[in-house]
Amino acid sequence: MLRKSAKSTTLSTIRITAAILALFWLWYIHHHYHPSFIGIYYNVQPEQSSDGECESELFHGIDDILVVLRTGASEAPAKLPIHFNTTLRCAPHFIIFSDMEEYIEGHHVRNALDEVDPDIVASHPDFDYYRLLLEKGRAGITSEEAQRWSVAANTKAGRDTPGWRLDKWKFLPIAEKSLAHRPDAKWYLFVEADSYILWPALLEWLSHFDHLQPHYIGMQMQIGEVVFAYGGAGFILSNVALREMVKHWRSKLKQYDEYTAGHWAGDCILGKVLADAGVGLLWAWPNLFGDQPKDMDFDSHFGGSDKRLWCHHVSSYHHVSPPDAVEFSEFEHSWYRQNATLLRHKDVFYHYVLPQLRPERVDWNNLSEDDEWPVETFQTCRDLCEKQPDCLQFSTSGKICRTSRTFTLGHPTLPQTGQLMSSGWIPERIALYAQRMDASCMDQDWIVPPKTSKMD
């Protein structure tokens with residue numbers, strides 16, 4: 001009688017385990033998805049939240065916050081309206097700044113630059129675009145220019161667009177104007193037109209801070225020697241911190257005008273002034289996050305951080321398009337109708353991202369980019385991924401197969417002529433991935449100063 005080799009037995013065990021995990025993964029989706037959210041995918045209108053939601057305990061403390069939203073003329077008509085039904089819907093106090101004064105859906109959009117030194121406005125090339133807006137309004141730019149500038153990436157070319165060059169000049173005036181607008185606010189939350197705020201989590205998080213202390217809270221970034229809060233993820237200043245910053249800036253206005261002229265990032269400029277004023281940054285990643293769920297690597301170790309993204313509560317996202325903001329807002333409402341716990345990154349993975357996976361998604365880019373192979377079929381690409389023990393997902397475009405060792409959901413993509421893009425995942429490996437991530441959590445909730453809480 002032939003005996004099975006140890007290798008054969010091991011392979012059989014692996015296959016059985018993988019099959020069990022795959023079945024568990026499918027069972028989990030079936031039993032844990034949110035019907036109201038899944039309805040969005042099939043063009044079914046989900047149940048709307050009740051009129052009393054904004055008065056619920058989930059929004060306790062929101063009256064203490066002034067939301068400061070920064071935008072620009074090239075993007076405001078497309079990106080701003082969705083905020084009136086999402087980020088700003090339950091916020092009793094908010095103010096909107098741009099590079100052009102106007103009204104959008106009845107809401108006043110203020111000019112952030114109307115008190116900048118007139119000599120700078122008249123002569124600095126960064127203000128060429130601003131002078132055009134003052135003269136002709138939005139009619140001074142074409143729809144094609146507006147579209148291109150509104151989606152400009154954080155690259156050398158993107159930072160050289162007129163809107164981006166002007167944007168850096170807004171941060172310091174906006175800070176002063178926000179303090180003047182509501183001088184008694186405990187907190188000032190600064191966001192952008194493609195930021196998304198998860199209010200219940202953010203409000204609970206802020207309850208662990210003393211608003212009478214000079215707090216500057218944000219997702220940490222660094223340019224040169226300046227560590228600052230990344231603007232897109234949203235950042236928070238206490239009243240004391242904002243007052244100190246504005247006072248210091250006003251005392252050295254010419255110096256900081258020169259600094260701004262030679263820089264490219266307004267959030268870094270603001271961070272520099274805060275640091276000079278003696279207000280340090282609390283590194284708040286991953287409670288504040290610089291991307292959106294569909295683009296996330298859920299196993300990220302940002303900047304070498306020892307924090308586990310998976311385990312922490314999430315209070316913000318960035319790069320959220322208006323359609324994605326609607327979709328995620330419905331998911332968030334559904335979550336709080338059915339759960340009494342605040343969302344963590346892992347909850348977003350299990351209940352928002354995971355239900356959207358399919359064996360094959362056509363016209364979809366899951367951002368696979370580690371390795372590239374020539375193939376004839378989608379199945380061949382899947383086979384190549386399965387032969388790599390650490391491959392989690394793959395995509396095909398034309399006869400090119402791309403595989404990835406990280407997991408990302410991705411986005412729909414418009415098919416190019418003869419270049420259909422399809423994406424796929426290896427479900428049993430995704431299940432193992434999630435199991436490993438679950439095991440990594442050790443009471444990680446919030447990033448707060450050690451002296452105020454035992455939580456990290």
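What to note about this one:
- Odd one out for M296 among (1) modelled with pLDDT of 95 or more; (2) surrounded by 22 or more Cβ atoms within 10 Å (Cβ to Cβ); (3) not polar (S, T, N, Q): (1)
- Residue check, H319 modelled with pLDDT of 95 or more, crowded, with 21+ Cβ neighbours inside 10 Å and within 19 Å of M296 (Cα to Cα): no
- Looking only at segment 399-443, and only at residues there that are in contact with a Pro (Cβ under 9 Å, 6 or more places away or on another chain) and assigned to a loop (DSSP other than H, G, I, E, B), the one that is farthest from D299 (Cα to Cα): K399
- Segment 174-185 residues that are assigned by TED's automatic domain parsing to the domain that holds H211 and more than 20 Å from T71 (Cα to Cα), paired with ones that are of a type outside the set (A, V, I, L, M, F, W, C) and assigned to a loop (DSSP other than H, G, I, E, B) (beta carbon under 7 Å, 6 or more apart): A185/H93
- Counting the residues of segment 326-369 that are more than 25 Å from H83 (Cα to Cα), hydroxyl-bearing (S, T, Y) and in a helix (DSSP H, G or I) gives 1.
Yes/no matrix, rows are residues, columns are (1) aromatic (F, W, Y); (2) under 25 Å from E428 (Cα atoms); (3) in contact with a Lys or Arg (Cβ under 9 Å, 6 or more places away or on another chain); (4) modelled with pLDDT of 95 or more:
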residue	(1), (2), (3), (4)
W335	yes, no, no, yes
A340	no, no, no, no
H345	no, yes, yes, yes
Y350	yes, yes, no, yes
P355	no, yes, no, no
R358	no, yes, no, no
V362	no, yes, no, no
E369	no, yes, yes, no
E372	no, yes, yes, no
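- Any hit, segment 376-393, residues being in contact with a Leu (Cβ under 7 Å, 6 or more places away or on another chain) and within 19 Å of D299 (Cβ to Cβ): no
- Segment 175-196, residues that are closer than 14 Å to N239 by Cβ and either out of contact with any Phe, Trp or Tyr (no Cβ under 9 Å at 6 or more places or on another chain) or not aliphatic (A, V, I, L, M) (or both): E176, S178, A180, H181, R182, P183, D184, A185, K186, W187, Y188, F190
- Residue count, segment 408-447 (criterion: small (G, A, S) and in contact with a Ser or Thr (Cβ under 9 Å, 6 or more places away or on another chain)): 4
- Restricting the search to helices (runs of 4 or more DSSP H) fully inside segment 220-323 and requiring at least 3 residues that are assigned by TED's automatic domain parsing to the domain that holds W164 and free of Cβ contacts under 8 Å to residues at least 24 places away in the same chain gives 253-261.
- Residue match in segment 193-202 (condition: assigned to a strand (DSSP E or B), of a type outside the set (S, T, Y) and closer than 20 Å to H312 by Cα): yes
- The set of residues from segment 227-245 being surrounded by fewer than 20 Cβ atoms within 10 Å (Cβ to Cβ) and aliphatic (A, V, I, L, M) comprises V227, V240.
- Tabulated pairs, segment 103-127, first among the β-branched types (V, I, T), second exposed (fewer than 11 other Cβ atoms within 10 Å of the Cβ) and at pLDDT 95 or above, C-beta under 8 angstrom, 6+ apart or interchain: V109/Y103
- When the residues of segment 236-278 are filtered to those that are β-branched (V, I, T) and in contact with a Phe, Trp or Tyr (Cβ under 8 Å, 6 or more places away or on another chain), the one that is nearest to V68 (Cα to Cα) is I236.
The values are calculated or read from the model by the stated rules, or taken from the named source; none is laboratory data. Please read all numbers here as calculations on a predicted model, not as lab measurements. Methodologically, a virtual Cβ is constructed for each residue, glycine included, from the backbone with ideal geometry; neighbour enumeration extends over all protein chains shown.
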